[in-house]
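Some notes on the structure that comes next.
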Amino acid sequence: MISKKIVLTGCFGVGKTSLFNRFLYQKFSEKYLSTIGVKVDKKVVEIDGRKISLLIWDVAGEVAQEKVPQSYYLGASAVIYVFDLTRPSTYLNMQSDLDYLGKMLKSVTLKVVGNKVDLVTAEQIGMVEAELPHPADCLTSAKTGENVETLFLSIGKELLG
Amino acid sequence: MDERLLMNKLREILLAEDREELQHLKKTLDDPQLLSQKISPILEERLQFFKENFPVEFRLAVEDIIDKKLESSREELLEIIYPALGQMIKKYIQHQFQLLKESIEEQIRNTFQVGIIGRIRYALFGVKPQKMAEDILQKLDGPVVEEIFIIEHHSGILLGSASRQETMDLDMVAGMLTAIKAFVEDAFRRGSEKLESVQYGTFSIHLENFSSYYIAAAISGSVSAKERSELSDSLAKFAESELRINLKKRDGSSHYEIKRRLEKYFFKTSTSLPAGKLKTETL
Ligand SMILES: Nc1nc2c(ncn2[C@@H]2O[C@H](COP(=O)(O)OP(=O)(O)OP(=O)(O)O)[C@@H](O)[C@H]2O)c(=O)[nH]1
Ligand SMILES: [Mg+2]
């Protein structure tokens, strides 16, 4: 079975740890415990009869990606860039962040994810999407679980090739 | 004049002075400021006396209370102190042991390398003195390799492992170890220096870097500087002879083979480090 490293990144408080916990342990908490450093765990998923082990790195949020230790990204096969649909400040630096990540990690699978979709109306989503410098690949809710499994499985599928 | 009036008059004359004094006293009592002026010095004095004589007058009573309290909550107290103390003692002994071992090793080197006793023993018993000393030391407190991980740099993906007792999820341990390594190396930027070991209590994890991966060896028991370098050597030897071929494909297919070889190489003896070290042929 092959293993792949996936990094969850983005501003603090956008819900990286919540997505991590939802996907790995099917849990959600309203409490906000800011991540210190990084936490790593893995999950084996089966896609079309093939197994893949996803090693997921939940990194402490930073306002700008340059502040995240580079070594956290090295060796990653996929990066999930999470922003918070309810806080414009979390997608303000998106373009420069994505440029930075793209430059550092050449052939990486990059996903832009808007989280906390349970807190916004369809109309608000439209407004946010109009402002986004880069379209979101997927809108999720760690709270309801919406699209979380789909997100990780789609990444797994791409990594299996 | 009526008798009552007369009496009052008389009282006034007789008690005028007393009255005045009474008035004054009443005023003093009623006015907090005046009262405090009067009382403060007295209180002050008592307090001073108290301060000076407290130990004398109350020592016994206080001691008695403390004694009783300690007696009644002995268990609780032990509960609190014991674990910390135990750890401290254990660590201290371990440390002393390591120092002792290092000094013995040093002495062995000095004495037996060209020593006459060593030669005689060798002639008589056929035992190489260094080997003998080595055996004794090993029996005293041999560090034991408990777990070995071969981990890809950066990604933290586990390429192979062996463990005396399976505990946690090994992939997670490998990932977390890599994250810690990345964190430390990033936080204390020291050029290209790498994290070499992690220590907690009497347990240590030694990290040996190779080009695309590193090997982490978890060891219980004290490790002297010499043992550390021997471990380094045997890890390098293992990497050279066993991993070059087996790590070609990084798809997890050789996990089992690597595990088997690790076990054979590092766990085959009950005492720790692989045999075949200390090759100094002095006799
Ligand atoms: N309603 C709602 N709340 C969410 C969702 N995801 C996360 N939250 C809440 O947002 C807060 C922050 O979530 P975390 O997952 O800790 O955020 P993080 O990105 O890991 O933050 P850092 O570790 O500081 O970088 C918590 O109070 C969560 O309960 C979501 O999908 N919906
Ligand atoms: Mg977090």
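The values are calculated or read from the model by the stated rules, or taken from the named source; none is laboratory data. Because the structure is predicted, anything quoted here is derived from the model rather than measured. FYI the Cβ positions are ideal-geometry reconstructions off the backbone, even for glycines, and counts take in every protein chain you see. Surface accessibility is based on the protein's heavy atoms, side chains included, excluding ligands, DNA and RNA. Shrake-Rupley method; radii C 1.70, N 1.55, O 1.52, S 1.80 Å.
Odds and ends about this structure:
- Ordering B:36, B:6, B:54 by the projection of their Cα atoms onto the charge dipole of the stretch B:3-69, which places +1 on the Cβ of Lys and Arg and -1 on the Cβ of Asp and Glu, puts B:6 at the extreme positive end.
- In chain A, helical runs assigned H by DSSP with n ≥ 4 each contribute -39500 (n - 2.57); averaged across all residues and rounded to the nearest 500, the mean residue ellipticity at 222 nm is -8500 deg cm²/dmol.
- For the cross-link pairs B:237/B:268; A:106/B:194; A:16/A:43, the ones whose C-alpha atoms lie over 21 Å apart are A:106/B:194.
- Antiparallel DSSP beta bridges within the protein assembly as shown, percent to nearest 5: 60
- Residues of type lysines that residue B:101 reaches as a straight line, Cα spacing below 18 Å, ignoring anything fewer than 8 places off in the same chain: B:90, B:91, B:131, B:139, B:226, B:277
- Shape of chain A from the C-alpha gyration tensor: rounded (a/c under 1.5, with a ≥ b ≥ c the square roots of its eigenvalues).
- Residues of type lysines that residue B:26 reaches as a straight line, Cα spacing below 26 Å, ignoring anything fewer than 8 places off in the same chain: B:9, B:38
- Note on residue A:42: aspartates and glutamates with a C-alpha under 20 Å away, same-chain residues under 8 apart excluded, are A:58, A:149, A:158, B:147, B:152, B:166, B:169, B:171, B:251.
- Candidates B:72, A:141, B:25 compared by Cα position along the dipole of the protein assembly as shown: farthest toward the positive end lies A:141, with charges placed on Cβ.
- In the stretch B:160-216, the chymotrypsin sites (Phe, Trp or Tyr not before Pro) that fall in loop regions by DSSP, at most 13 other Cβ within 10 Å: B:188
- Charge dipole (debye, nearest 20) of the protein assembly as shown; +1 at Cβ of Lys and Arg, -1 at Cβ of Asp and Glu: 2500
- Look at the stretch B:168-179: the mean tally of other chain Cβ atoms within 10 Å of its residues' Cβ atoms is 5.
- Within the stretch A:43-88, GluC sites (Glu not before Pro) in DSSP loop having at most 16 other beta-carbon neighbours inside 10 Å: A:62
- By a 1.4 Å probe calculation restricted to protein chains, residue A:12 has an accessible surface near 100 Å², given to the nearest 10.
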